[in-house]
Amino acid sequence: MSIASMTPPTRAAQQYLRTQVQASSPIELVVLLYDQALRSGQAAREALARRDIPARRDAISRVMGIVTELQSTLDMERGGTVAQELDRLYDWITARLLDVTMSQDARPLEEVLSVLETLRDAWSTIARQPAGTHP
């Protein structure tokens, strides 16, 4: 398969994602961010197993970027205790991702993926609620 033949699917995938993002509610966008963080975390896991440091670094960086974005959107005034706890959890996730980078140990990454999966499932449940009933 040539590079030229790979370009259209990539563009098609990018267009699909762009359309999906534009058609999503703010809560659905949060779910999309968690989905991408999980995919990047799984890529990091695979790269770690292969001992592919550049791929692991890039994947961890993507997860950290998404977590930073999620953290930066927290409304600490209106979000109260939930926002404060999420902020602390995002700090913990970032620290654990740094541990992966420093130690090349998969355990902190597994912990992060477990927490991200739990958060993603919770936000997905909220997103499925009828409009106007979101917290």
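The values are calculated or read from the model by the stated rules, or taken from the named source; none is laboratory data. Being a predicted model, the structure only gives us computed values, none of them experimental. FYI the Cβ positions are ideal-geometry reconstructions off the backbone, even for glycines, and counts take in every protein chain you see. Quick note on the areas: whole protein, heavy atoms, side chains included, nothing else; ligands and nucleic acids left out. Shrake-Rupley method; radii C 1.70, N 1.55, O 1.52, S 1.80 Å.
Using mean Cβ contacts within 10 Å as the protection proxy, how do 27-40, 77-90 order, highest first? Mind dumping the intermediate values first?
Numbers: 27-40: 18.5, 77-90: 12.7.
So the peptides 27-40, 77-90, ranked by packing, come out 27-40, 77-90.
Quick one: with all protein chains in place, what share of the accessible area of the range 45-135 is carbon or sulfur, to the nearest percent (1.4 Å probe)?
Values: 3100 of 5700 Å².
Answer for the range 45-135 is 54 percent, counting heavy atoms of protein chains only.
Any idea what the relative contact order of the range 31-135 is, in percent, if you count C-alpha pairs under 8 Å spaced at least 6 apart?
In percent, rounded to a whole number, it is 31.
At Ser61 and Ala106, where each label point lies 7 Å from the Cα along Cα→Cβ, what is the point-to-point distance in nanometres?
Output for this residue pair reads 2.4 nm.
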